[in-house]
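Nothing in this text is a laboratory measurement; each read-out follows from the coordinates by a stated rule. Nothing here was measured: the structure is a model prediction, and the numbers come from that model. For neighbour counting, all protein chains shown are included, and Cβ atoms are generated from backbone atoms with ideal geometry for every residue, glycine included.
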Amino acid sequence: MKRIFCPAMAAVLAVSALFSGGTAHAVRIAYELTDVANVYPDRDLWQCVYTVSDHSFGDRDGFTIYFEYGLYEEILIPDSEAGDWDLIAWDPEPIFDVPDDGGYDALALTDEASLADPFVVDFTWTGDGRPGPQAFDVYDAENNYETHTTERGLGELSLGDAIRCLRVLTGISGDISSETDVTGDGKTGLEDAVRILQAVAGT
């Protein structure tokens, strides 16, 4: 910034105070996107790599990531070793004329199912711009569910994101949460700035 205003300084100091402490999450699914070369000119193909952390999955526990009707088509799982998981995917489509989202479901087949390998999905994107965060459910063997939102992964973040986030926090620019909401809570906050700065710094 060419000038330093009091609100900006306050935000930067607050971010710096939190920067080394990290943040806590009950469960996290971070995503990183690759824009795949389009085989057909009328299809915008993408691949998403999901990294799951901060959660222990027992036998018959799992998670489901949802692909919103009208934005996604052709949800596919690339050929790979599933390891401790049973993986399925389905396309968004109307059910009794009611639009229904597609999904990617991973069911653990053992206690302490391994999260070492990422979960990969290919899909056709029909929305504008770049795909963003998605809703997901985490469930257990007794069918108890918790709903969360995927977060942008480290490879998705840059110094430009940190600058945009600080501009929002200091009131220099409007709320551009689609670019700076890395925690998936629908807004731009101090925790987003911390996550972005940590990603840029490699910590």
Using alpha-carbon coordinates alone, the radius of gyration and Dmax of region 28-152 in Å work out to 14.6, 45
The answer for Ala113, listing residues at least 5 apart or on another chain whose modeled amide H is closer than 5 Å to its amide H, is Phe57
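Please report Asp54, Asp101, Asp128, Asp91 as a ranked list, fewest other C-beta atoms within 10 angstrom at the top and most at the bottom. Don't jump to the answer; show the numbers that get you there.
Details: Asp54 11, Asp101 20, Asp128 6, Asp91 17.
The order, fewest Cβ neighbours first, is Asp128, Asp54, Asp91, Asp101.
Would you mind giving the average projected area, over all directions, of the Cα convex hull of region 52-108 in nm² with one decimal? Present the calculation step by step, with values, prior to reporting the outcome.
Details: hull surface 19.6 nm².
Over every viewing direction, the Cα hull of region 52-108 projects on average to 4.9 nm².
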